[in-house]
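So the structure is just underneath, and the comments pick up after that.
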Amino acid sequence: MNGVHLVTDRGLCRGRSLEEVVLAAVRGGAASVQLREKDLATRPFVEEAARLKALLAPWKVPLIINDRLDVALAVGAEGVHVGQQDMPCATVRRLLPGAIIGLSVETWEDVVRAQDEPVDYLGVSPVFATPTKTDTRGAWGLEGLARIRAYSRHPLVAIGGVNRETIAAVAQAGAHGAAVVSAICSAEDPEKACGELVRLFRS
Ligand SMILES: Cc1ncc(COP(=O)(O)OP(=O)(O)O)c(N)n1
Ligand SMILES: Cc1nc(C(=O)O)sc1CCOP(=O)(O)O
Ligand SMILES: [Mg+2]
């Protein structure tokens, strides 16, 4: 899970379609796209996921579905991201043996428990407080991220408040990847914004 990952939020796309923003992010170098829909009914969720799957296939960019194993199965998505209250990782692994599975860690207990979980990366949740998602526990900060890096056997994807001002420090603190919502979805030019984040993350 190296690189910069787009996590979608259609409400932050400034009136542009999700497809337009996703394509721009991919052109800018996004390593994966996580479809995150918190208010969509199952049918339109599956339809949106199928559209994104078709759009991403020629780019060979994996599609990860937030929360919904059934939607991932329905469209043949490459991965699923689950939180501490979502479907257990072992169940996701049993039903989708080859999937990329991401798990959010909000507390040190989550990090310790995750050592035995069959996951492909941990979402460090959140690295910085963010208005995009407010139902989180305290932020890890760069020190927390570095502490998880020193302990965990899993690749780390930092999320929350990652933008052009913070992304280099996030990489420096040990994140393998960075997940971004508003700094791409709400950017005037999402392709340019994503390209800049990729460059800063690598530097
Ligand atoms: C990469 C990444 N990390 C963390 C999250 C948060 O997932 P979760 O805790 O399940 O919260 P919701 O996104 O479902 O509100 C994530 N989506 N992606
Ligand atoms: C989807 C999500 N999950 C988080 C977590 O802490 O688990 S923070 C977040 C939103 C991140 O948005 P932005 O890049 O605009 O700060
Ligand atoms: Mg969730």
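Every number in this text was worked out from the coordinates using simple rules, so none of it is lab data. These figures come from a predicted structure and were not determined experimentally. So basically every Cβ, Gly included, is an ideal-geometry build from the backbone, and we count neighbours across all protein chains shown.
At-a-glance table
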item	result
Extent along principal axes [Cα atoms of the stretch 104-203; Å; largest to smallest]	41, 29, 24
Cα convex hull of the chain - mean projected area over all directions, nm²	10.1
Prolate/oblate/rounded call for the stretch 1-84, Cα gyration tensor, a/c under 1.5 rounded	rounded
Column: log10 I(q)/I(0), Debye, Cα scatterers of the stretch 52-123, q = 0.14, 0.15, 0.20, 0.23 Å⁻¹	-0.41, -0.47, -0.77, -0.96
Distance from the stretch 1-62 to the stretch 140-203 (C-alpha centre basis), Å	18
Model label zone, Trp108; criterion: amide N under 18 Å from point 7 Å along Cα-to-beta-carbon; scope the stretch 117-134	124-127
Anchor Lys133: lysines whose Cα lies under 16 Å away (excluding residues fewer than 8 positions away in-chain)	Lys38
Dipole-positive endmost among Ala175, Gln34, Ala129 within the chain (Cβ charges, Cα centre)	Ala175
Cleavage-rule hits, GluC sites (Glu not before Pro), the stretch 160-197, DSSP coil, Cβ neighbours within 10 Å at most 11	Glu165, Glu188
Helical segments meeting 15 Å axial Cα length and Kyte-Doolittle -0.5 threshold in the chain (DSSP H)	42-56, 141-151, 190-202
The chain: calculated mean residue ellipticity at 222 nm from DSSP helix runs of at least 4, using -39500 (n - 2.57)	-11000 deg cm²/dmol
Trypsin sites (Lys or Arg not before Pro) lying in DSSP loop within the stretch 1-55, provided at most 11 other Cβ fall within 10 Å	Arg14, Lys38
